[in-house]
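These notes concern the structure reproduced below.
The values are calculated or read from the model by the stated rules, or taken from the named source; none is laboratory data. These figures come from a predicted structure and were not determined experimentally. Glycine also receives a Cβ, built like all others from the backbone with ideal geometry; neighbour counts cover every protein chain displayed.
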Amino acid sequence: MAEVQIVSAEQSASRAGRFSYRRPAFSRLLWVLALLPAGLVLLPVLYLLLRTFESGISGASLFLNLGTLQTLLRTAALSASVTFAAVVVAVPIAWLTVRTDLPGRKVWSVLAALPMVIPSYIAAYLMVAFWGPRGMFAQWLGQWAGIERLPSIYGFPGAFFILTLLCYPYILLGARAALQGMDPALEEAARSLGYSPLQVFLRVTLPQLRPAVAAGGLLAALYVLRDFGAVSIMRYDTFTRVVYVQYKSAFDRASASGLALILVALTLLLLAVESRTRTRARYHRSASGAARQPAVARLGKWRWPALIFTGAVVTFGLILPLGVLLFWLVRGVQAGEQLAPVWAAAQNSILASVLAAVFTMAAAFPIAFLSARNSSRLSSLLERVTYSGYALPGIVVALALVFISINYAFHLYQSLVLLIVAYMILFLPQAVGSVQASLLQVNGNLEESARSLGASPLAALRKITLPLVKPGLLAGMAMVFLTAMKELPATLILSPLGFKTLATGVWSAVSEAFFAQAAAPALLLIIFSAIPMAFLTFTEH
Amino acid sequence: MSEIAVQTISLNKSFGNVRAVQDLNLTVHRGNILSVIGPSGCGKTTLLRLLAGFEQPDSGEIMLQDRLVAGRGTYLAPEQRGVGMVFQDYALFPHLTVLENVAFGLRNAARRQRELEVEEWLALVGLDGYARRYPHELSGGERQRVALARALAPRPVLVLMDEPFSNLDADRRVQMREEVQAILRKAGTTVIFVTHDQEEALFMGDRLAVFRQGRLEQIDCPDTVFQQPATRFVAEFLGQTDFLPGRVTPEGIQTEAGIVAQKVGLPAGEPVELAVRADDVDLNLPRYEGVAAEVVSRYFKGTYNVYRLRLPSGQVLHSLQPHTRIFLPGTEVKVSISPGHDLACYFQGKLLPVTSTRF
């Protein structure tokens, strides 16, 4: 009799969905806590839509404007060319560091991934500080060769160069992982069917890389689309810069929100493509056979060109920028640059970022919990809304929040609260992602067995789930903290008057060409950004 | 015997200190299926990889149909050998359809011709109508058959199969085993088939090779290997075997479980060991004749029972009985050895030649 009851209880549980939290009070609370931040994410876009449609004809004409079309073309051209160049740079390095006997390949693989920790405005600053007028190179040339004028680095070439070097690591990491995870038996099967090593590479290896490269390429394209720092310093008018200029110089709400909406639409389009490729990518090891190391190709005399190529990429992406940074740092110290303002800015950055981390995680947990444990249509909608935060460039969120606060909540305008809200909207996807990943690793049966032993849902959450996902929570908070430290456009627009952070410090110093002044905060930011990379690298080995 | 398809001569391969293949001399005749069995790490996979050309031997030679492919300074790349391989996890190309996978090795034929050939192969493995599917849309057994068709399609001189059934469910495995054997016979291909499943090895091969630590312990037809295991290792590895010590007497071999009437051609008094399997041991109620033993445990296997028995000295024997004969653990029984055939008999660890004279 007892057995029969157990069976029927299991059946009813599986009919209701594996993880169902039926206690109304708890469940309702969870839903409210999850819906609030999701609503927050939608707020900026809804507001921008409203503003644009309110402005009626002028808003509509904006879309047909020649200037807008040019901006669109520029943005698309930059995105496409950077993505293409990043693939061309990343795939050979991935192959060289995973599948060949390239001397020092372990070191190269770490070094080549590092440029991604440099925030784009810092990379742009360092480039200007080297190649630009009054930069290092120009000064040397003036001193030694008497050359006064250099070809301009501003505009497309500079933006393209910087963004390519910042974006290729995204593709590199994906391609490396794909190469490492590839079943060596695939290549062996092709060999045994009569194909030479080169043919195998072209017909079997490269197609296996395609999904990883496509995913990395989309990340690169998104990066370019949302980038504000590099294009602004390089004075190349893509959407983010145009929106900022409109807002700053004309305070033209209607056209700024219209342009911002187009930008959101573009990012959404890319994200849609990305999720499509992700669901169709079925390229995985078909079974867990003995994990053998794939064969290593001997480079022979090709070793030298390979080393030169990899070395050049690492030099331009990492070594040269860091060298320039150190040069200006030393020069600033020699010139008696004050460190006190840097310290004050660092404190502000840390304060804002800690608050961002705590509040974002608090908002993320209910969403992640519901979508991991309760697969209903509503919870997956909720999750998707949250992820649409990825589609919101910082500048767009900042702009919308400025307009909203001016109209409806003036006392919030230029307050720290508004800045934290912006951070929450921007970084919620990241936080939800990391919590969800760790929640999915905790078997829902653990919570159910706690319940069957008499724990309430809340007690099960507190005693079982939270302790188990704590590492994920902390990692997520650390990620939010570090991303908030680096964030530029929203910080620039929303910071309270006189609230200088490291990021805005770099920005204002660079816009006035005080290269030495920007060096110290830039170095601090790079060090902070490098922490998660170092963590990942060391836990991997 | 027919033409030789594969021959290895004093083949050696080490990885660091591990000698994966040692002094291997192996011959497989054309159209034969050779099962290779051994515990994991015994070098059977290395043997396959040497034959396919994925590993280079340290010394020795490999001949494929009179063609030297490795050794004496020669080393042919895998793509030049014409050796097909069916991998443990199938290694189907995930970005290609079933048709494209099977056609992958048919490089020289015209497109139309190739498709026709693929259709034929798919029909042979029972997958007509699957040509346009992708590997991830197939079940384990279907993937297995595509892998087989892909390996067979270029008509290789030799097909290697590395534990091809280990990723299948137990009930599918038996069925696939039969299907695959039929397909291989129909294709008339020479096959080397590696497994660690003894039932599979006994069933699949025309001949059976047992490996241990890189060495070939025995190679013969499956029945001989099973009935006359060349070494204690082979006897232990194939089927539940107990070793019963005894002494040679004029009447046969005197053991704790009675006299086994069997001639071994050794002077009386010499100590020998008999390999006794569960089906050689009979079991009866105490009132019958035999040697007293105690039932230690019963393994109920469905259609039969296997009893673990302990003789007074502590020597363990196993006995196979119909499922209707039930003895409870702890009961006293009488055992007798009644094989109805010669038992494998070892003197100083070596198998004694069968004299085929029974008392």
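For the range B:46-68, enumerate the residues that are more than 8 Å from chain A (Cβ to nearest Cβ) and closer than 16 Å to B:Ile192 by Cα. Passing the criteria: B:Thr46, B:Leu47, B:Leu48, B:Arg49, B:Leu50, B:Leu51, B:Ile62, B:Met63, B:Leu64, B:Gln65. For beta carbons closer than 9 Å, sequence separation of 6+ or different chains, a first residue in the range A:413-440 that is modelled with pLDDT under 90 and a second that is not in a helix (DSSP H, G or I), the qualifying pairs are A:Gln414/A:Ser495; A:Gln414/A:Pro496; A:Gln414/A:Leu497; A:Gln414/A:Phe499; A:Ser415/A:Pro496. Screening A:Leu497 on (1) surrounded by fewer than 24 Cβ atoms within 10 Å (Cβ to Cβ); (2) in contact with a helix residue (DSSP H, G or I) (Cβ under 7 Å, 6 or more places away or on another chain) shows it passes everything except condition (2).
Tell me the residue from B:Thr324, B:Thr331 that is farther than 30 Å from B:Gln218 by Cβ, in contact with a strand residue (DSSP E or B) (Cβ under 8 Å, 6 or more places away or on another chain), exposed (fewer than 14 other Cβ atoms within 10 Å of the Cβ) and polar (S, T, N, Q), please.
On the way: B:Thr324 fails: in contact with a strand residue (DSSP E or B) (Cβ under 8 Å, 6 or more places away or on another chain).
Answer to the selection: B:Thr331.
Scan the range B:161-168 and give yes if some residue there is more than 11 Å from chain A (Cβ to nearest Cβ), small (Gly, Ala, Ser) and in contact (Cβ under 8 Å) with a residue 40 or more places away in the chain, otherwise no. Among the residues of the range B:161-168, not one is more than 11 Å from chain A (Cβ to nearest Cβ), small (Gly, Ala, Ser) and in contact (Cβ under 8 Å) with a residue 40 or more places away in the chain, which makes the answer no.
Among the residues of the range B:179-188, are any among the acidic types (Asp, Glu) and out of contact with any Lys or Arg (no Cβ under 8 Å at 6 or more places or on another chain)? Steps first, please.
Of the range B:179-188, the ones among the acidic types (Asp, Glu) are B:179.
Filter once more, keeping what is out of contact with any Lys or Arg (no Cβ under 8 Å at 6 or more places or on another chain): none.
Checked the range B:179-188: no residue is among the acidic types (Asp, Glu) and out of contact with any Lys or Arg (no Cβ under 8 Å at 6 or more places or on another chain).
For every residue, the table says whether it meets (1) among the aliphatic types (A, V, I, L, M); (2) farther than 26 Å from B:Leu11 by Cα; (3) away from every other protein chain (no Cβ under 12 Å).
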position: B:Tyr130; (1), (2), (3): no, yes, yes
position: B:His136; (1), (2), (3): no, yes, no
position: B:Arg150; (1), (2), (3): no, yes, no
position: B:Pro156; (1), (2), (3): no, no, no
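Out of A:Tyr121, A:Tyr168, I need the residue that is more than 23 Å from A:Thr504 (Cα to Cα) and among the hydroxyl-bearing types (Ser, Thr, Tyr). Which one?
Details: A:Tyr121 fails: more than 23 Å from A:Thr504 (Cα to Cα).
Being more than 23 Å from A:Thr504 (Cα to Cα) and among the hydroxyl-bearing types (Ser, Thr, Tyr) holds for just one of A:Tyr121, A:Tyr168, which is A:Tyr168.
Do you know which of the residues in the range B:69-84 that are more than 8 Å from every other protein chain (Cβ to nearest Cβ) and crowded, with 18+ Cβ neighbours inside 10 Å is farthest from B:Phe193 (Cα to Cα)? Per the criteria, the residue is B:Gly71.
For the range B:49-115, give me every one of the strands (runs of 3 or more DSSP E) that falls completely inside it and has 3 or more residues that are touching a residue at least 40 places away in the same chain (Cβ under 8 Å) and hydrophobic (A, V, I, L, M, F, W, C).
Numbers: elements: B:59-64, B:67-71, B:83-86.
Because the criterion is at least 3 residues that are touching a residue at least 40 places away in the same chain (Cβ under 8 Å) and hydrophobic (A, V, I, L, M, F, W, C), the strands (runs of 3 or more DSSP E) in the range B:49-115 that meet it are B:59-64, B:83-86.
Name the single residue that is farthest from the other protein chains (Cβ to nearest Cβ) among those in the range B:85-98 being of a type outside the set (Ser, Thr, Tyr) and over 23 Å from B:Leu184 (Cβ atoms).
Within the range B:85-98, the subset of a type outside the set (Ser, Thr, Tyr) is B:85-89, B:91-96, B:98.
Now restrict to residues that are over 23 Å from B:Leu184 (Cβ atoms): B:94-96.
Details: B:Pro94: 5, B:His95: 4, B:Leu96: 8 Å.
Checking each candidate, the answer is B:Leu96.
Check whether at least one residue in the range A:296-310 is touching a Lys or Arg at 6+ places or on another chain (Cβ under 6 Å) and farther than 22 Å from A:Leu163 by Cα, and report yes or no. Looking for residues that are touching a Lys or Arg at 6+ places or on another chain (Cβ under 6 Å) and farther than 22 Å from A:Leu163 by Cα, one finds at least one in the range A:296-310, hence yes.
Residues being at pLDDT below 80 and either within 14 Å of another protein chain (Cβ to nearest Cβ) or over 30 Å from B:Leu92 (Cβ atoms) (or both): count how many of those fall in the range A:273-309. Reasoning before the result, please.
Step one: filter the range A:273-309 for residues at pLDDT below 80, giving A:273-295.
Still in the list and also either within 14 Å of another protein chain (Cβ to nearest Cβ) or over 30 Å from B:Leu92 (Cβ atoms) (or both): A:277, A:279-295.
Residues in the range A:273-309 being at pLDDT below 80 and either within 14 Å of another protein chain (Cβ to nearest Cβ) or over 30 Å from B:Leu92 (Cβ atoms) (or both): 18 in total.
Suppose we filter B:Asn101, B:Asn108 for residues that are over 20 Å from A:Pro184 (Cα atoms) and either in contact with a strand residue (DSSP E or B) (Cβ under 7 Å, 6 or more places away or on another chain) or facing another protein chain (nearest Cβ under 10 Å) (or both); which single one remains?
Details: B:Asn101 fails: over 20 Å from A:Pro184 (Cα atoms).
Of B:Asn101, B:Asn108, the one residue that is over 20 Å from A:Pro184 (Cα atoms) and either in contact with a strand residue (DSSP E or B) (Cβ under 7 Å, 6 or more places away or on another chain) or facing another protein chain (nearest Cβ under 10 Å) (or both) is B:Asn108.
What about B:Arg150, is it closer than 21 Å to A:Tyr195 by Cα, out of contact with any helix residue (DSSP H, G or I) (no Cβ under 7 Å at 6 or more places or on another chain) and either in a strand (DSSP E or B) or in the same structural domain as B:Gly43 (by TED's automatic domain parsing) (or both)? For B:Arg150, the condition - closer than 21 Å to A:Tyr195 by Cα, out of contact with any helix residue (DSSP H, G or I) (no Cβ under 7 Å at 6 or more places or on another chain) and either in a strand (DSSP E or B) or in the same structural domain as B:Gly43 (by TED's automatic domain parsing) (or both) - is not met.
Can you pull out the helices (runs of 4 or more DSSP H) entirely within the range A:63-155 that have at least 3 residues that are farther than 24 Å from A:Leu329 by Cβ?
Values: elements: A:66-99, A:105-113, A:120-131, A:136-140.
In the range A:63-155, the matching helices (runs of 4 or more DSSP H) lie at A:66-99, A:105-113.
Among the residues that make up the range B:299-308, is at least one of them closer than 14 Å to B:Val276 by Cα, touching a residue at least 24 places away in the same chain (Cβ under 8 Å) and under 30 Å from the mean Cα position of the chain (by Cα)? Yes, that holds for at least one residue.
Based on what the data block shows, is A:Leu163 in contact (Cβ under 8 Å) with a residue 60 or more places away in the chain, away from every other protein chain (no Cβ under 14 Å), buried (at least 24 other Cβ atoms within 10 Å of the Cβ) and in a helix (DSSP H, G or I)?
Numbers: in contact (Cβ under 8 Å) with a residue 60 or more places away in the chain: yes; away from every other protein chain (no Cβ under 14 Å): yes; buried (at least 24 other Cβ atoms within 10 Å of the Cβ): yes; in a helix (DSSP H, G or I): yes.
Yes: the conditions hold for A:Leu163.
Of the residues in the range A:179-197, at least one is more than 14 Å from every other protein chain (Cβ to nearest Cβ) and either assigned to a helix (DSSP H, G or I) or at pLDDT 90 or above (or both).
Among all residues of the range B:261-269, there is none that is under 26 Å from B:Gly290 (Cβ atoms) and not in a loop (DSSP other than H, G, I, E, B). Hey, does the range B:23-40 have a residue that's under 22 Å from the mean Cα position of the chain (by Cα), more than 14 Å from chain A (Cβ to nearest Cβ), more than 21 Å from A:Ala190 (Cα to Cα) and among the acidic types (Asp, Glu)? Within the range B:23-40, one or more residues are under 22 Å from the mean Cα position of the chain (by Cα), more than 14 Å from chain A (Cβ to nearest Cβ), more than 21 Å from A:Ala190 (Cα to Cα) and among the acidic types (Asp, Glu).
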